[in-house]
Structure formats: C-alpha cells, structure tokens
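Structure record follows, encoded as structure tokens.
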Amino acid sequence: MIITKQKPFQDILESLKGINKVFLVGCGECSTTCKTGGVEELKAAKLELEKNNKTVVGSCIPSAPCVAAQIKTELAKNIKVLHEADAVLVFACGLGVQSVKENERSGKIILPALDTLFGGTVDAKGNFCEKCSMCGDCLLDLTAGICPVTLCPKGLLNGPCGGMDKGKCEVDKERDCAWVLIYKEMEKKKNLAGFRKILPPKDFKKTTKPHKLMLGA
Ligand code: SF4
Ligand code: SF4
C-alpha cells in the first residue's frame, strides 16, 4: 500500500489562500488505513477548515481514487456541490491527487492534503514499513525474500559493505544490515551457496520513468 501523512495544516491553508469553497476527496483504501484520508480524518479536516473560515461544500471517499472508474463515479454523484467548489482538496497519495485531476472535468483547482512517503507493508503492531522500491526487476528469489534494493540504504546487490558493524547498518546503527538479514535467512534455509552467488548489476533501464503498462483498450 501507499503510505501517506497529512501535510501540516498551516501548509494546507497556505495552498488554499484566496479559495473559499472546498470539496474534499478521501481514499477508502491506503489513506483510510494510514488514518490520513478516511471518514474521521475528513470530518476533522472539515471542522478545522470551517474554523479557518472555509466552506466545505461536500466530500466523497471512493475506495480507490487512483482508479479512474471509481473517482469518476464519485465525482458524478456529487456533481451539484462540486460545481459550487473553488477547489478540490485530496486526502490521498500523489496517485489519487493526479487521478482526481485527470477525471475532474470542470477544471477545478486540485490540491494535495497529504505527503506521499513510500510503498510499504503494515506490521502486526500497525507500523508502516518500506519493503519494496518497485525496481521493475524483482530479485527476492535470489535474496531469501529480503529486498536489499530497499532495506540497504546503498541498494547494494552484493553486501554487506565494509561499514557493517556487529550486524548493524553503518548508515543507521539502530537497523540491522540488510545483507546480514539475508545471510541469516539463507543460513536458516541451508542455502549459503545462494549467498556466494554474485548478483549482476541491475538493469536500471527498467526503472526509467514514467512507467506505463498498456492493459486497457
Ligand atoms: S527487488 Fe526489491 S525493489 Fe525490486 S521489485 Fe523486488 S522487492 Fe521491489
Ligand atoms: S551496512 Fe549493510 S545495509 Fe548498511 S549500507 Fe552496508 S550493506 Fe547496506
């Protein structure tokens, strides 16, 4: 999922300078899980905006505003109030914001209320952890299911580097070295031969942006 955090409210107000009527868009998936764009967060934002003399003309929370069909349906349902709005404030990741911009036909000002941080998992304690950098060429089969591209700050494919100290990473002493984790996992799986295999340099052409996967008609 995409991890987000709300922008400081002062920054949101700054982006709304000169704008009075606002329509809010949330996200029923990732931002709801991150508690940045669900029902409660939109309610709180409405109160705060009203305290600051803004008028919230309406709101919607599509399950995934990054999906054109979903945001289009929600915007269509709210077309009357949407017409009254000067701007749309989006409580979703950057994908959601851009999807709203592409699918809102009356040319409203579209503004982000959140900062998009990373693609992550949610652990058992509810912490968000970055695990994949979407490199386009997954090598988890060669690294015991642990991603060095993401977990090693240097993205080393053949570690550990000389800075590893007692299993900890030289960039952040609080964190385990990704390559020590990979070694331990391979040892557990009795596959240390896999650890000795030198991984070739990554083909960074696969990370050239922007990506597009043409599956639509
Ligand atoms: S190697 Fe790492 S960054 Fe690349 S796709 Fe796999 S998990 Fe994601
Ligand atoms: S100590 Fe390990 S995780 Fe940290 S930069 Fe070196 S190889 Fe990467």
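The values are calculated or read from the model by the stated rules, or taken from the named source; none is laboratory data. Here the structure is a predicted model, which means the values were calculated and not measured. Neighbour counts are summed over all protein chains in view; Cβ atoms, including those assigned to glycine, are modelled from backbone coordinates with ideal geometry.
Some observations on this one:
- Odd one out for Ile109 among (1) under 17 Å from the mean Cα position of the chain (by Cα); (2) away from ligand 2 (no atom under 16 Å from the Cβ); (3) among the β-branched types (Val, Ile, Thr): (1)
- For first residues located in segment 170-191 and over 16 Å from Leu142 (Cβ atoms) and within 14 Å of ligand 2 (Cβ to nearest atom), partners that are part of a loop (DSSP other than H, G, I, E, B) and of a type in the set (Ser, Thr, Tyr) and lie 6+ apart or on another chain with Cβ distances below 7 Å do not occur.
- Failed criterion for Lys131 (all others in (1) assigned by TED's automatic domain parsing to the domain that holds Gly194; (2) at pLDDT 95 or above hold): (1)
- Here His211 meets each of (1) in a loop (DSSP other than H, G, I, E, B); (2) at pLDDT 95 or above with one exception, condition (2).
- Looking only at segment 138-159, residues that are within 6 Å of ligand 1 (Cβ to nearest atom) and either among the aromatic types (Phe, Trp, Tyr) or touching a helix residue (DSSP H, G or I) at 6+ places or on another chain (Cβ under 7 Å) (or both) come to 1 in all.
- When Ala113, Ala92, Ala87, Ala69 are checked against the criterion of being free of Cβ contacts under 8 Å to residues at least 40 places away in the same chain and more than 16 Å from ligand 1 (Cβ to nearest atom), Ala69 stands alone in meeting it.
- Of residues in segment 88-118 being in a loop (DSSP other than H, G, I, E, B) and out of contact with any Gly (no Cβ under 7 Å at 6 or more places or on another chain), the one nearest to Leu199 (Cα to Cα): Cys93
- Residues of segment 141-156 satisfying the condition of being in a loop (DSSP other than H, G, I, E, B) and near ligand 2 (Cβ under 10 Å from one of its atoms): Cys152, Pro153, Lys154, Gly155, Leu156
- Inside segment 61-76, residues that are assigned to a loop (DSSP other than H, G, I, E, B) and either of a type in the set (S, T, N, Q) or touching a His at 6+ places or on another chain (Cβ under 7 Å) (or both) make up a count of 1.
- In segment 119-136, of all residues being away from ligand 2 (no atom under 16 Å from the Cβ), in a strand (DSSP E or B) and of a type outside the set (Phe, Trp, Tyr), the one that is surrounded by the fewest Cβ atoms within 10 Å (Cβ to Cβ) corresponds to Thr121.
- Filtering segment 137-149 to residues that are more than 17 Å from Asn191 (Cβ to Cβ) and surrounded by fewer than 14 Cβ atoms within 10 Å (Cβ to Cβ) leaves Asp137, Cys138.
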